[in-house]
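See below for the structure under consideration.
The values are calculated or read from the model by the stated rules, or taken from the named source; none is laboratory data. All values reported here derive from a predicted model rather than from experimental measurement. In this analysis, Cβ positions are derived from the backbone assuming ideal geometry, glycine residues included, and neighbour counts consider all displayed protein chains. The protein model used for the area step is the full one, side chains on, heavy atoms only, and it has no ligands, DNA or RNA in it. Shrake-Rupley method; radii C 1.70, N 1.55, O 1.52, S 1.80 Å.
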Amino acid sequence: MSEKHLVKTLDKVVVRFSGDSGDGMQLAGNIFTNVSAALGCRVSTFPDYPAEIRAPQGSLSGVSGFQVCVGRDVHTPGDECDVLVAMNPAALKQNIRFLRRGGTVIVDIDSFREADLRKALFATDDAFAELGIDSNCVLQVPVTQMTRDALADTGLDNKSVLKCRNIFALGLVCWLFDRPLDEAIAHLGSKFARKPAIFEANRRVLQAGFDYGHNVHASVSTYRIESESTRPGVYTDINGNTATAWGLIMASEKSGLPLFLGSYPITPATDILHELAKRKDLGVKAVQMEDEIAGVCSAIGAAFAGNLAVTSTSGPGLALKSEGIGLAVMAELPLVVIDVQRGGPSTGLPTKTEQTDLMQALYGRNGESPLVVLAASTPTDCFDMAFEACRLAVEHMTPVILLTDAFIGNGASAWRVPEPDEYPAIRAPRVPDALRESGTWQPFCRDEATLARYWAVPGTEGLAHRIGGLEKDYNSGAISTDAANHEKMVETRREKIARVAADIPPLEVMCDTEADTLLVGWGGTCGHLHSAADELCAAGQPTAFAHFRYINPLPANTAEVLRRYKRVVVAELNSGMMADWLQCHFPDVDIRRINKVQGQPFLVGELVERMTAIAREA
Amino acid sequence: MCQSYTAADYKNGQSVRWCPGCGDHAILNTLHKAMATLGVAPHRTAVISGIGCSSRLPYYMNTYGFHTIHGRAAAIATGFKIANPEMTVWQISGDGDGLAIGGNHFIHAVRRNIDINILLFNNKIYGLTKGQYSPTSPRGFVSKSSPYGTVEDPFIPAELAFGARGNFFGRSIDVELATSQEVLVAAARHKGTSVVEILQNCVIFNNGIHSEITDRANRAERTIHLRHGEKMLFGANNERGLVQDGFLLKAVTIGEDGYTMDDVLVHDAHTPSNFLHQQLAMMDGRELPLAIGVIRDVDAPTYTDTLEEQIAHVRSHKGHASLRDMILAGSTWEVK
């Protein structure tokens, strides 16, 4: 954790439009450039025409490309592109070498029929596999069909309709990069000033492409969060959601428990379901249930049955799962709940990032129902924290909510593949033989140190037992409505979670630990906050930095760390949930707040600015 | 290993808390007996319930049991069975738990053909919350939450099960102990989701709701016990039978109006088409007798078996020994 993570963002985005020379890729690229320039970006472009004006359609020699780099500090059109638009297989083949690792490919899947593939000299029917492209990185869009549909009632001839495909792709790219369409429409207006029917067609198709992106929650990450560490080893490129899925698999291997995922598709968490559904090759059971409630409930059933049980979701889904999670608290079953946070409330901003589910994770259930809450700090940390979530759930017999977010879930990073012995064994608290043999075991007998109840797995002879959501007697586990017993059980469940603090690492302080001001963050903002603290230190404004990955319980040394500083500034992408959580634990600490709720990550610059302002007022 | 069990092996010491005279007592006893007949060890058996009077049943079993939350038993049983396919799983629900708050999970469990046995105790009332109408209460039903009568039509559980493409549907009545046991055993032996509707009497809030059909005086005339391969006969002396009348069924008296025994239909519970099964299941004891027994029992691929086969297939073709092997088989680079 002490290794530094850099968020590489914002400076620039490179998009490469490619297609047949007749596909109008230059026009699409030009308009995107102009739109970006109008928004205040610096731009640099690189048109890449074929030698022939009209080489045979769909052939490798007929591919035309246009690369544009837009952003703050742009001097070149960029070496590698972040997004490659390929209107046909030939364009894909010719341009894939320009795509950076982990970049996104957008293809017109309607032009990937067998004949198209042959023209581009593909040997198989799977162009993506043949080029070694991870299908997770490909947006397969029916551009031709949707363009046709958008123009169905215009009376335009087929050829004119097909000429609008480039503008559909442009509309989609505008959606991906938050470019309002007004400017693009103005450009189309001047381009087709004398052809009102063509202008109208292009305007419609532009909107259709934009709406398509909106409708399918298309998103690309324009961020990379890189560790500065260059430990020797084998590396691969990974995004946060894949890392989460793999961390769960690692926990399954280290615990010897089969992995079960019960889930329901929801942006931006669905990729976890996708990845685990593929992992039947490792024996994973990933079940797409009929709704969010069934997702968590099937996982609870699997936990009772003895599996490592997980459900994955985003904020609205977590709300639906509340009652189920309460059951897992009451039945004291290990359950991992992953919430890839997005903008809320309600449907909110499904593709945007926020940290606004913290209070829901901590408190969003009826009754006193404490559980463990964790948060991953970077895409690669999703692996470690998914593993941690499983370890704590199983060893402490409790539900654990792991908070990630759209930013790190979609964000990519290089990741060192762990060596086989790098992660510890996870040991489920099985019923001790002595208890079993003496006949004194009851379903809520607990380990003295952790207070975790022993896990008797169905199928085991001699351990048949009944559990449920009703309060039970502390000793016998039978249903009980006794007043004093209930209070004792509430206290026991609280204390069980509190004792997890003894099993997690202490809070670390980074940057200038001797400073007066401590910048505090949690979850997916780590890269930005760390960079901001470094910049502040370099600018002669000493700043210490601490980042929480364990939120309930807090690390055991939290009070000691916070009290060491004159002021503590909690920066988070909500209106102050973590600041409130810390303040209610430590009322004596001077806590200041930096908040942003725009569905966007922090910018390092704005953090530096606001930290400077706080230093001035202090 | 062929250990045999008695009903007592599935009972535990808990005192049963249902109201005296409640139909649940009889169902519980029949379930113990059915389990003994099946011979699946108590520790290989799980009973999972939702919320409601009937859902307290797991506490009275000496098996693994989980009394969960309202409506979700089917989803929890689904996860349980997929995770631990060696277990025999029984799900206990009432008409409110299973068809109102849990309706979505019910139809999807049936559609997926999860190998579980769903026992639906139908008393057409909410008992635990003291007497509100349920999704199976008839139109116009007066209850505490419908003082002027309901203005909605009920579900007919069989119709819902067939709509969800169910492959096993059986029905019994709480007081018909032998029939209940027969249907429960058949349900457990069926591979896939088995739905068993048991007409159950709530003595406190809906006493006598089924009595028009179930009273001893009426039962022979108003019910028909269907058995695979046997003629569809009913009546005190089996003097009546079901015959085909166009696309519909008709109850006749053998020897009257020109009908002979040859005209009486033979029950085929195993035919894949559910057309006749549904007609039989929809008979309500008025014009046509209410059907009890195993109405439909058709083999179909189960979710659980197919999933295990798919995993085995994938693993044999492109399985990896570990996560690390899987990652290393993909695109990587080395830093020295």
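Annotations
- Restricted to the stretch B:115-158, and to residues there that are farther than 30 Å from B:GLU86 by Cα and of a type in the set (Asp, Glu), the residue that is most open to solvent (accessible area, probe 1.4 Å) is B:ASP153.
- Look at the stretch A:458-484: where a residue is under 24 Å from B:ILE76 (Cα atoms) and within 7 Å of chain B (Cβ to nearest Cβ) and a partner is modelled with pLDDT under 95 and open to solvent by 40 Å² or more (accessible area, probe 1.4 Å), sitting 6+ places away or on another chain with Cβ atoms under 6 Å, you get A:LEU470/A:ILE479.
- Subset of the stretch A:118-175 (residues that are part of a loop (DSSP other than H, G, I, E, B), free of Cβ contacts under 8 Å to residues at least 24 places away in the same chain and out of contact with any Asp or Glu (no Cβ under 8 Å at 6 or more places or on another chain)): A:ASP126, A:GLY132, A:ASP134, A:ALA152, A:ASP153, A:GLY155, A:ASP157
- For the stretch A:405-444, residues that are surrounded by fewer than 16 Cβ atoms within 10 Å (Cβ to Cβ), outside any strand (DSSP E or B) and out of contact with any Asp or Glu (no Cβ under 8 Å at 6 or more places or on another chain) total 14.
- Of the residues making up the stretch B:80-121, those that are in a strand (DSSP E or B) and closer than 16 Å to B:ILE51 by Cβ are B:GLN91, B:ILE92, B:SER93, B:GLY94, B:ILE118, B:LEU119, B:LEU120, B:PHE121.
- The residue list A:SER369, A:SER312 contains one member that is within 30 Å of A:PHE177 (Cβ to Cβ) and either small (Gly, Ala, Ser) or in the same structural domain as A:PHE444 (by TED's automatic domain parsing) (or both), which is A:SER312.
- Qualifying residue in the stretch A:50-63 (condition: within 17 Å of A:ILE133 (Cβ to Cβ), at pLDDT 85 or above, surrounded by 24 or more Cβ atoms within 10 Å (Cβ to Cβ) and touching a Phe, Trp or Tyr at 6+ places or on another chain (Cβ under 8 Å)): no
- Residues of the stretch B:68-82 satisfying the condition of being open to solvent by less than 10 Å² (accessible area, probe 1.4 Å) and at the interface with another protein chain (Cβ under 7 Å from one of its Cβ atoms): B:THR68, B:ALA75, B:ILE76, B:ALA77, B:THR78, B:GLY79, B:PHE80, B:ILE82
- Candidates B:GLY13, B:GLY21 - the one that is outside any helix (DSSP H, G or I), free of Cβ contacts under 8 Å to residues at least 12 places away in the same chain and over 20 Å from A:GLY469 (Cα atoms): B:GLY13
- The stretch B:33-56, residues that are crowded, with 24+ Cβ neighbours inside 10 Å, assigned to a helix (DSSP H, G or I) and within 12 Å of chain A (Cβ to nearest Cβ): B:SER55
- Number of the condition not met by B:SER4 [criteria: (1) away from chain A (no Cβ under 13 Å); (2) open to solvent by 40 Å² or more (accessible area, probe 1.4 Å); (3) in a helix (DSSP H, G or I); (4) over 27 Å from A:SER298 (Cβ atoms)]: (3)
- Only one of the numbered conditions (1) open to solvent by 10 Å² or more (accessible area, probe 1.4 Å); (2) assigned to a loop (DSSP other than H, G, I, E, B) is not met by B:HIS225, and that is (2).
Table: residues versus (1) out of contact with any Gly (no Cβ under 6 Å at 6 or more places or on another chain); (2) buried (at least 18 other Cβ atoms within 10 Å of the Cβ); (3) part of a loop (DSSP other than H, G, I, E, B).
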site: A:VAL490; (1), (2), (3): yes, no, no
site: A:ARG493; (1), (2), (3): yes, yes, no
site: A:ALA501; (1), (2), (3): yes, no, no
site: A:PRO506; (1), (2), (3): yes, no, yes
site: A:VAL520; (1), (2), (3): yes, yes, no
site: A:TYR565; (1), (2), (3): yes, yes, yes
site: A:VAL570; (1), (2), (3): yes, yes, no
site: A:TRP581; (1), (2), (3): yes, yes, no
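- Answer residue from the stretch A:262-272, given it is open to solvent by less than 10 Å² (accessible area, probe 1.4 Å) and either facing chain B (nearest Cβ under 10 Å) or part of a helix (DSSP H, G or I) (or both) and is farthest from B:GLY79 (Cα to Cα) among those: A:ILE272
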